[in-house]
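Enquirer: So that we are looking at the same thing, I have put the structure below in structure tokens.
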Amino acid sequence: DRHHDGSHEVIALPGTPAGEVTAPLVDVGDGTYEAFEAAGDALEGAVVMASSNTPESHDRWLHRMEKYVNAAERGAVGFVFRNHIEGSLPPTGEIGYHNRPGPIPAVGVSKEVGERLARLAADANASVDDDGSPDTDDPARPEVTIEVDCRNEPTTSVNAVADVGPDTDEAVLLTAHVDAHDVSDGANDNGAGSALVAEVGRLLSTVADDLDTRVRLVTFGSEEIGLWGAYHTAETTPHDEIACVVNLDGACSSRDLRVGTNGFEGMAATFEAAADGFATPLETGDMISPHGDQWAFVQEGIPAVMASTASDGSGRGWGHTHADTLDKLDPRDLREVATLVAEATYRLATDAADGPTIDRRSREAIRDAIDEGYERELRTGGRWPYDG
């Protein structure tokens, strides 16, 4: 019985090395950069625990990878990622991206298990040195053990591709990632996105003769472990053959469409016109985000947006847990989102004289427009794509 022997259900986070460590537990709360700095030397030789939550005071989402890297670089020997959403759901998610495997074992635990561990850490932190920092030499300081049995080895992934419309050199890319983590169906993240690509493709096939530009439907593999499928397409397709990219990710948590425009105003205007035509709400944001397959194109200055759906609450909700299942989705939401995305994609692939201009940007312009917080994240994870 796990309640008596002190063990708990955990998930080995993708990118973790195998191994076993036993060490004192240090809780850094939401795992902000400030929290790590405040913990100081207490992290050396410890198992560090951080929440999946991002404080409301932050203007960007803090990725688990940042928290993992900060723990490892400050001398931690293990990492625990605790869900901030109740329901006994340990979360999963890549912690290494292109640096795989990472340097220290990493696991995900539920909010409930995390709260229990946080109480243990709080009791440990009650013992302090003269300067007020946690007394890491206190023999009564509770220890935790992380044991991970996993493999990191080469494998093969594929992208699925289909075309709709005329045989033009240039194409509008409509994309989603087909992979999900192995703990669940990945219904919203991202089975719904893949289904939407197929459904929008079907709708556009009924008006294919009206299209002026080919629409290329692509479902990428290996998004969850580093956007590998998207990078493959971005690196093997001449950039002048990509008119723009509409990426669908997590697009069925509601029927309220949200589009991250990455500052491409012409694409934003296209989606706004589509929403106005159906008298439906649309939420947009123009901050450049390195999360999602569209980033492989955005970083090169190719116009690309991510379409998802807006819902209440912080974080992924059911996403990245074994509860991201089909019963959470409403087909009516899928139909409405498909209609809006099909209309916007039709407009992007049709040369309307009064349509918005879809301008490209230089790599330098994208680099200079990235929020310093996201630049910090990318540099922290070794994923900054620009020299200097």
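Enquirer: Can you pull out every residue in segment 189-227 that is open to solvent by 50 Å² or more (accessible area, probe 1.4 Å) and modelled with pLDDT under 95?
Expert: Selection gives Ile225 alone.
Enquirer: Does any residue of segment 285-296 turn out to be touching a residue at least 40 places away in the same chain (Cβ under 8 Å) and in a helix (DSSP H, G or I)?
Expert: Yes, the conditions are met somewhere in segment 285-296.
Enquirer: Something else about it: Considering only residues that are open to solvent by less than 10 Å² (accessible area, probe 1.4 Å) and free of Cβ contacts under 8 Å to residues at least 60 places away in the same chain, which ones fall in segment 80-113?
Expert: none
Condition check ((1) of a type in the set (Val, Ile, Thr); (2) touching a Leu at 6+ places or on another chain (Cβ under 8 Å)) across all residues:
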| residue | (1), (2) |
| --- | --- |
| Arg216 | no, yes |
| Gly221 | no, no |
| Thr236 | yes, no |
| Ala243 | no, yes |
| Phe271 | no, yes |
| Thr284 | yes, no |
| Pro290 | no, yes |
| Gln299 | no, no |
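Enquirer: Is it true that Leu257 is without any contact (Cβ under 8 Å) to a residue 60 or more places away in the chain, buried (at least 20 other Cβ atoms within 10 Å of the Cβ) and under 18 Å from Ser194 (Cα atoms)?
Expert: Spelling it out, it is not the case that Leu257 is without any contact (Cβ under 8 Å) to a residue 60 or more places away in the chain, buried (at least 20 other Cβ atoms within 10 Å of the Cβ) and under 18 Å from Ser194 (Cα atoms).
Enquirer: Further, regarding this structure: Those residues that are part of a loop (DSSP other than H, G, I, E, B) and either under 17 Å from the mean Cα position of the chain (by Cα) or at positive phi (or both), I need them from segment 179-210; list them, please.
Expert: Asp179, Ala180, His181, Asp182, Val183, Ser184, Asp185, Gly186
The values are calculated or read from the model by the stated rules, or taken from the named source; none is laboratory data. For clarity, every value in this text was computed on a predicted model and none was experimentally measured. All Cβ positions, glycine included, derive from the backbone under ideal geometry; neighbour counts span all protein chains shown. Quick note on the areas: whole protein, heavy atoms, side chains included, nothing else; ligands and nucleic acids left out. Shrake-Rupley method; radii C 1.70, N 1.55, O 1.52, S 1.80 Å.
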